[in-house]
1. What are the residue pairs meeting all of these: first residue in region 68-87, first residue under 15 Å from residue 51 (Cβ atoms) and free of Cβ contacts under 8 Å to residues at least 60 places away in the same chain, second residue small (Gly, Ala, Ser) and in a loop (DSSP other than H, G, I, E, B), Cβ atoms under 9 Å, and 6 or more apart or on different chains?
2. If I ask for residues that are polar (S, T, N, Q), farther than 13 Å from residue 41 by Cβ and within 11 Å of the chain's Cα centre (by Cα), which ones from region 53-96 would you list?
3. Which condition number in (1) under 12 Å from residue 29 (Cα atoms); (2) exposed (fewer than 14 other Cβ atoms within 10 Å of the Cβ) is the one that residue 62 fails?
4. Which residue pairs have Cβ atoms under 9 Å apart, sit 6 or more places apart or on different chains, and have a first residue in region 22-38 that is among the basic types (Lys, Arg) and a second that is surrounded by 15 or more Cβ atoms within 10 Å (Cβ to Cβ) and outside any loop (DSSP other than H, G, I, E, B)?
5. Just a yes or no: is a residue in region 9-16 modelled with pLDDT of 90 or more and not in a loop (DSSP other than H, G, I, E, B)?
6. Mind counting the residues in region 67-96 that are of a type outside the set (Gly, Ala, Ser) and closer than 19 Å to residue 38 by Cα?
Amino acid sequence: MRKSFWLLLCSIIVSLQLLAQTRTITGTVTDDKGATIAGVSINALGPDRKVLASAVSDASGHFTIHVPEKTRGLQFSHVGLDEQFVPLGNKTQINV
């Protein structure tokens, strides 16, 4: 019984540490006329330009992506549109 308690406690602590190392970024993707764009690929890029997390904008152009703290920025891409990179800094909301 004691062993199970300690195992559960350690699991909770590890889970909390993992949650503390990520953050949630939200936003909306629009074109130059203000119309929302569905199906935009959003990639969180690390310092070495590796993809750390991915998301896709919904039918209303909204997206939510959970990124590691070491994320350098978000890369937005869609067929027929120019790719765009947005540095992240301390932002939690990005509208492009």
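The values are calculated or read from the model by the stated rules, or taken from the named source; none is laboratory data. If you're wondering where the values come from, they're calculated on a predicted model, not measured in any experiment. In this analysis, Cβ positions are derived from the backbone assuming ideal geometry, glycine residues included, and neighbour counts consider all displayed protein chains.
1. Close Cβ pairs satisfying both conditions: 68/46; 70/46; 71/46; 72/46; 73/89; 76/57.
2. Going through region 53-96, the residues polar (S, T, N, Q) turn out to be 54, 57, 60, 64, 71, 75, 77, 84, 90, 92-93, 95.
This time we only want the ones that are farther than 13 Å from residue 41 by Cβ, so: 60, 64, 71, 90, 92-93, 95.
Residues satisfying the conditions are 64, 71, 92, 93.
3. Every listed condition holds for residue 62 apart from (2).
4. Final answer for the pair search is 23/67.
5. Narrowing region 9-16 to residues modelled with pLDDT of 90 or more: none.
The answer is no; no qualifying residue exists.
6. Result for region 67-96: 15.
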